[in-house]
């Protein structure tokens, strides 16, 4: 095979990816918790300020807390509405045929301030070398913050995909994306196969209490 043949095959593959590109499955539920429960969870997280630690690496930067008990109402509502989430994402083409119940990993909480971000990544990336993430199928994030909002940014950028298998799994990430804003008391759910990132937060002044809080978990294959 000469260079011309290789170039032609590459062009055919690129055209195949473009022709089969679709928006990534995504579901948002606004007003996810009753106002009083939202406030109780949010103020409880703010009260745990001294227990948060920096998760800074080359690809992310925020303050984090693992599995605090007070996010129980968030997880309970995710479990209550899980069949609805599963139905919506399945209808959009999410590869979740091996999800047969709500088996979620322990949640983590992030508190994002100025310039905090999470670079593009895939939640069940088979190249990560972390066995525990391989069975993730649905990524779930509940956002909460005080009003009036003291920051901008912090939204979810979700890449489109092509139904062409790659080293990352049954999908190949596309070169196009959709930005979803970060809204208070909103749950977002998307496929753990989707390439995504958390866009940088802009918050030039303000106490810990004014940060963007997110409760993050994932439902696994079973």
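Being over 21 Å from residue 65 (Cα atoms), touching a strand residue (DSSP E or B) at 6+ places or on another chain (Cβ under 9 Å) and crowded, with 20+ Cβ neighbours inside 10 Å is true for just one of 140, 158. Which residue is that?
158
Kindly indicate the residue of segment 180-206 that is in contact with a helix residue (DSSP H, G or I) (Cβ under 9 Å, 6 or more places away or on another chain) and either in a strand (DSSP E or B) or over 22 Å from residue 79 (Cβ atoms) (or both) and also modelled with the lowest pLDDT among those meeting that condition.
203
Determine whether segment 103-114 contains at least one residue that is loosely packed, with under 15 Cβ neighbours inside 10 Å and modelled with pLDDT under 95.
no
Give me the pairs, please: first residue somewhere in segment 176-193 and at positive phi, second residue anywhere and part of a strand (DSSP E or B) and modelled with pLDDT of 95 or more, beta-carbon distance under 9 Å, and either six or more positions apart or on two chains.
Within 9 Å, the pairs are 185/142; 185/143; 185/144.
Among the residues of segment 103-126, is there at least one that is closer than 25 Å to residue 61 by Cβ, out of contact with any helix residue (DSSP H, G or I) (no Cβ under 9 Å at 6 or more places or on another chain) and in a helix (DSSP H, G or I)?
No.
Would you mind stating whether residue 98 is assigned to a loop (DSSP other than H, G, I, E, B) and under 15 Å from the mean Cα position of the chain (by Cα)?
no
Here is a list: 44, 93. Which entry is at pLDDT below 95 and not in a strand (DSSP E or B)?
93
Could you look through segment 70-102, keep only residues that are touching a helix residue (DSSP H, G or I) at 6+ places or on another chain (Cβ under 9 Å) and under 30 Å from residue 208 (Cβ atoms), and pick out the one that is surrounded by the fewest Cβ atoms within 10 Å (Cβ to Cβ)?
Checking each candidate, the answer is 72.
Restricting the first residue to segment 75-96 and requiring it to be in contact (Cβ under 8 Å) with a residue 60 or more places away in the chain and at positive phi, which pairs with a second residue that is in a helix (DSSP H, G or I) and surrounded by 16 or more Cβ atoms within 10 Å (Cβ to Cβ) meet a Cβ separation below 7 Å and a spacing of at least six or different chains?
Matching pairs, first to second residue: none at all.
Among residues belonging to segment 115-137 that are crowded, with 16+ Cβ neighbours inside 10 Å and farther than 24 Å from residue 150 by Cβ, point out the one that is modelled with the lowest pLDDT.
If we take residues in segment 115-137 being crowded, with 16+ Cβ neighbours inside 10 Å and farther than 24 Å from residue 150 by Cβ, then 125 is modelled with the lowest pLDDT.
Just the residues that are in a helix (DSSP H, G or I), modelled with pLDDT of 95 or more and surrounded by fewer than 11 Cβ atoms within 10 Å (Cβ to Cβ), please, taken from segment 1-41.
Within segment 1-41, 35, 36 qualify.
The values are calculated or read from the model by the stated rules, or taken from the named source; none is laboratory data. Here the structure is a predicted model, which means the values were calculated and not measured. Heads up, the Cβs are rebuilt from the backbone with ideal geometry, glycines too, and the neighbour counts pull from every protein chain shown.
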